[in-house]
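> Can you keep this structure in mind? I'll have questions shortly.
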Amino acid sequence: MFTTPRLVAIALCAALNFAIGNIVYLVKLPMYLDSIGTILCALLIFPDRLAAIACAFIAGFIGVTLSGLVINPFLPWFTLTVLAIAAVSALLTATGTETFRARPLHVPAFVGKVILFGVITGIVSAVVSAPVVVYLFGGVTGSGTAFVVAFFLKTGQQLMNSALLSGLTTEPIDKTLQVLLAALLYRATPREFIAMLRPAQSSAA
Amino acid sequence: MTPNGAVLFGFLVIAGALIARDLGSLAVILAIALIFALGSRERIWSALAWSGGIVLPLALFMALVWIGIVGRAPAEIAANTEGSRTAAAFFVAIICLRLFIIAFAIQAASLHFAGWTPLRFVGALSAPPVVKKLLVLTLSLIETILQAVDRARTALIAAGLITRRHSWRNLRHGWILVQTVWLTVVTIAIGRTRDKWPIEDTLGRLDGALASNTPRLNSADFAWTALAIAGAAAALGLR
Amino acid sequence: MSEFIAGPNFSGRSAALMAWLRERAPAFFVGSYAEAALSGLSSTVADEIAVYRAPKPKRAAFAPLDFVAYSARKPPTLSGGEQVLLALHCFSLSDYASIAIDTALEQLDHENRERALAYLSQGAANGFTTAVIDNRLACPPGWSSRQFTSISSEFACDLATIQPPRCAAPVLGVQQLSFRYPGGRGIFRNADVSLAPGRAYRLTGPNGAGKTTLFKLLAGVLSPTKGELTLNGASYAPWRSGNRVFALATQNPDHQWCGATLAEDLARRRAALARHSVSLPSDGELLALVACLGIRSLDQHLYELPLVARKRLSWLWPLAGAMPWIMLDEPTLGQDRGTRAALADAIGRLTSQGYGAVFVTHDDEFAARIAHKPLRLARESIVS
């Protein structure tokens, strides 16, 4: 399962996850974008679904571990979320790879799939993340979620429900954007690299 | 202290922080982390400042939400009682102190290895060889990506596609920087994987370089681990 | 015996080099692409050396630089030449019996190139064999030579027909320019220089003197701590207004693409340039120029082109005359003698049409072919 090119793909996607925070800061974009590498890894390794889940999860996990050491120490707590995103990306989002790479681009199909897969990824991410958000952060992970959570709490919702509803409000938008970027990067990736990632003919490393 | 010991210590301190439910037990855990960090005297201040800097914005938003807007703690919401801002303040303080301990424990653990090269650190970890290779590869690619970001950003600013400051143009075109960096680094990786590594057996050489004579755990590790377990037990006991 | 593989671009030299290597594998290889001298497995110079160092090195170390002082540096941040010297240092400490270098020696300055060649020529005495491809060297004495002659015409380029329109480029003034990186040492202090159009300037100076920093200041990526730039005497602040003056060709051509295909890249650059330029080259003119540079299709995926072709394509906007000044960073890497001469002549035609040019290169033969003034960076100032 883990041939050398696949190890390289995992490392590239993990490094991308880590570095995107840096890029986002330099270009002054008002968003976070920490799972693009995870989604992209699944797209690259598809159609080998099991390998895609494993490689995407490892890429995401290494990304959050290294980010946890240097940038944000609370990211590693969302490891289950990373696994969930890897699974959704490998089993669902990756079914759109042909559309993503089609030349010329068929815009309605591309946009439709990005939104559908993005929203589903966002919902799954919100549900899996909610317990961590509640226990570790008291429901508030930053400026984006603070006021949404406050609104739900003020209306008498329990904390877990508020965190879940807050996540369901913000995550689908965030994840749709990340699926879009991952799809664009996948579209641009050279054929040679994708061909290298096919399973080895003989037994792999 | 060995890297394995530091990882173990970090896990135990963080576990203790998660078990702790009140300010008293969290203070015990924090004290243990501080004692541990005192070994790296000069860097302890930057570690404290960094951890504080990470937690402070979260603390402000949490205070705004729980004390300012909601005015009661989650337990009071669940029990459907009137509640008080004081209870909310305690809730926020516990969460923030826990977050601070987690951030600081990680920094304190890595302080002990500030002079180590990444290869030496990863080599000393008890982990499967493929995991060590991945860590080393990722760390190397991060440097390549960051260098590519710097160069590509220069070129794209010169071309007028992105700007130095916040702008709508950056929202529209910022993704091009990500794409250029990705493709640049993939191209470098293709060259290495196709040509350099098979000819040199570079990955085989890496295995040799990662082989380490450092013991998996030493006496310092056992001492700190015992202290961390004692702290966790104290936290459990104080609940 | 050391082998020198000679011939023009696209004549099969690299394939021959790879075949030479495969016969002797495992062998040390420095390719032609960016960061090819690095293993890709280390994030510090010390670790890079540790990866290759044999338990008992059998030969003397080749150490033209003090690599102990470089220990904590990150390999991708080293200059191309420093990376090549690091690779040779690692090779000297390893137990490989063969080394092959594909045009990477072109990134070295004259002095270090001589040192590297002297070291590689001693292979027989030090227990290793060498094969080198290099576009600037002749076969060194004592080496065997293999000559390739027939060229694949797929990427044939013809720069002779490039004739940019007339341009009245502005005089570029640098006045009391000071710059310091936050937390770092000063790069420029009260630097003053005036760059006249219709001329080429060669930027020289040791590593770390500020060549990249000057490029970034002129392109508006960095803003100076003090001082200003002027265009024909009027204040010019590209860090605020955006770059209106320089067409930049980066050292690694991949850093400057604005799309995955050539069509995307051209369209985006045209749209961005339209905000500033008075007259843009027409679609037809751009297509003709692209063909001159050896690319036949606009749907070409840029990163699937060979490196030599990508490097040529990076000259497109400078040679198109879209901006009054051009800035070229090591433009001739990997290019054979004929192409380098043709590029030098094309730059000469640009300056004679009124454009200004600033370039950085280790290629003395290329520089000598362009009538230019040296611009030396030293001791925090710019000396014309």
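None of the figures in this text is laboratory data; all of them are computed from the coordinates on show. Note that the structure is predicted; figures quoted are calculated from it, not measured. Every residue, glycine as well, gets a Cβ built from its backbone with ideal geometry; the counts of neighbours run over all protein chains shown.
> Please arrange C:His276, B:His166, C:His255 by how many other C-beta atoms lie within 10 Å of their C-beta, fewest to most.
Taking fewest neighbouring Cβ atoms as first place, the list is B:His166, C:His276, C:His255.
> A further question on this structure: Give the lysines reachable from B:Lys132 as a straight Cα distance under 24 Å; neighbours fewer than 8 places away on the same chain don't count.
Within the straight-line limit of under 24 Å, B:Lys132 reaches these lysines: B:Lys196, C:Lys74.
> Tell me, Kirkwood radius of the range A:109-201 from alpha-carbon pair distances, in Å? Kindly include the intermediate steps, with their values, before the conclusion.
Working: mean 1/r = 0.0670 Å⁻¹.
Hydrodynamic radius (Kirkwood, Cα pairs) of the range A:109-201 is 14.9 Å.
> Find which of B:Pro74, B:Leu18, B:Ala87 sits farthest along the positive direction of the dipole of the range B:1-102, computed with +1 on the beta-carbon of Lys and Arg, -1 on that of Asp and Glu, about the Cα centre.
Farthest towards the positive end: B:Leu18.
> Amide H neighbours of C:Thr204 under 5 Å, counting only residues 5+ apart in sequence or on other chains, H built in-plane at 1.01 Å?
The answer is C:Leu375, C:Arg376, C:Leu377.
> Residues of A:185-194, mean number of Cβ from any other protein chain within 10 Å of their own Cβ, rounded to a whole number?
Taking the mean over all residues of the peptide, I get 6.
> While we're on this one: Short version: ³J(HN,Hα) in whole Hz for each residue of the range A:54-62, in order, from phi by Karplus 6.51 cos²θ - 1.76 cosθ + 1.60 (θ = phi - 60°), x for Gly and Pro, what are they?
Those phi angles translate into 4, 5, 5, 5, 4, 4, x, 5, 5 Hz.
> I would also like to ask the following. Expressed as a fraction of 2.2 N^0.38 Å, the rule-of-thumb size for a compact globular protein of N residues, what is the C-alpha radius of gyration of chain C?
1.03
> Using the number of other C-beta atoms within 10 angstrom as an exposure proxy, rank A:Met160, C:Met327, A:Met196 with the fewest first.
By the 10 Å Cβ count, ascending: A:Met160, A:Met196, C:Met327.
> For the protein assembly as shown, restrict the atom set to alpha-carbon positions and state the Rg and Dmax in Å.
28.5, 94
> Here's another thing I want to ask about it. Using a simple charge model, +1 on the beta-carbon of Lys and Arg, -1 on the beta-carbon of Asp and Glu, nothing else, what dipole does the range C:138-202 show about its Cα centre, in debye to the nearest 20?
Around 380 debye, computed over the range C:138-202.
> Another question about this same structure. Quantify how strongly other chains surround peptide C:205-218 by giving the mean number of their Cβ atoms within 10 Å of each of its Cβ atoms.
1
> Something else now. Nearest 500 deg cm²/dmol is fine: what mean residue ellipticity at 222 nm does the protein assembly as shown get from its DSSP H runs of n ≥ 4 alone, each adding -39,500 (n - 2.57), divided by its residue count?
Dividing the helical sum by the residues of the protein assembly as shown leaves -17500 deg cm²/dmol.
> Okay, next question. Taking all pairs of different Cα atoms in the range C:159-383, averaging 1/r and flipping that mean, what Kirkwood radius in angstroms comes out?
Radius from the Kirkwood sum: 17.9 Å.
> A further question follows. Suppose every K and R has +1 on its Cβ and every D and E has -1 on its Cβ; what is the size of the dipole of chain A about the Cα centre, in Debye to the nearest 20?
320
> Rule-of-thumb check for the range C:1-76: C-alpha Rg over 2.2 N^0.38 Å?
1.34
> Scan around C:Ser98 for amide H atoms under 5 Å from its own, H built in the peptide plane at 1.01 Å from N, and keep only partners 5 or more places away or cross-chain.
HN-HN under 5 Å from C:Ser98: C:Phe28, C:Thr129.
> Right, here's the next one. Please work out the Cα convex hull volume for the range C:250-374 and give it in Å³ per residue.
104
> Towards the positive end of the charge dipole of the protein assembly as shown, with charges on Cβ (+1 Lys, Arg; -1 Asp, Glu), say which of C:Gly284, C:Asn207, A:Phe147 has the farthest Cα.
Looking along the dipole axis, the top candidate is A:Phe147.
> To the nearest 20 debye, what charge dipole does the protein assembly as shown have about its Cα centre, counting +1 at the Cβ of each Lys and Arg and -1 at the Cβ of each Asp and Glu?
Here the size comes out at about 980 debye.
> With Rg and the Kirkwood Rh both taken from Cα atoms, where does Rg over Rh land for the range B:127-210?
1.13
> Cα atoms only, chain B: Rg and Dmax in Å?
That works out to 23.5, 73 Å for Rg and Dmax.
> Moving on. Lys and Arg at +1, Asp and Glu at -1: add these up for the other residues within a Cβ distance under 11 Å of B:Leu8 and post the number.
Residues close to B:Leu8 contribute a combined charge of 0.
> Further, regarding this structure: Please list, or write none, the aspartates and glutamates whose alpha carbon is within less than 14 Å of the alpha carbon of A:Lys113, excluding same-chain residues fewer than 8 places away.
In chain and number order, the partners are A:Glu98.
> To continue, here is another question. Any idea what diffusion coefficient the range C:3-151 gets from Stokes-Einstein, in µm²/s, Kirkwood Rh on alpha carbon pairs, 20 °C, 1.002 mPa s?
Value of D from the Cα-based Kirkwood radius: 137 µm²/s.
> Hey, another quick one. Pairs of Cα atoms under 8 Å, at least six residues apart: use those to get the relative contact order of chain B, whole percent. It would help to have the intermediate numbers written out before the result.
Details: 242 pairs, mean separation 97.0, N = 239.
Once normalised by length, the contact order is 41 percent.
> Near C:Lys373, which lysines are there with a Cα under 23 Å away, not counting those fewer than 8 places off in the same chain?
By straight Cα distance, C:Lys373 reaches C:Lys211, C:Lys216.
> Any chance you could give the angle, 0 to 90 degrees and rounded to 10, that helix B:85-111 forms with the longest Cα principal axis of chain B?
In chain B, helix B:85-111 runs at an angle near 40 degrees to the longest axis.
> Angle, helix C:110-121 long axis vs. longest principal axis of chain C, Cα atoms, 0 to 90°, nearest 10?
Value to nearest ten degrees: 20.
> Select from A:Ala94, A:Gly167, A:Ala130 the residue farthest towards the positive end of the dipole of the range A:4-196; place +1 on Cβ of Lys and Arg, -1 on Cβ of Asp and Glu, and compute about the Cα centre.
The Cα lying farthest towards the positive end belongs to A:Ala94.
> By counting other Cβ atoms within 10 Å of each Cβ, how are A:Lys154, C:Lys56, C:Lys311 ranked from fewest to most?
Neighbour counts put them in this order, fewest first: C:Lys56, A:Lys154, C:Lys311.
> Which three lengths, in whole Å and largest first, does the range A:35-161 cover when its Cα atoms are put on their principal axes?
So the extents along the principal axes, rounded to whole Å, are 49, 34, 23.
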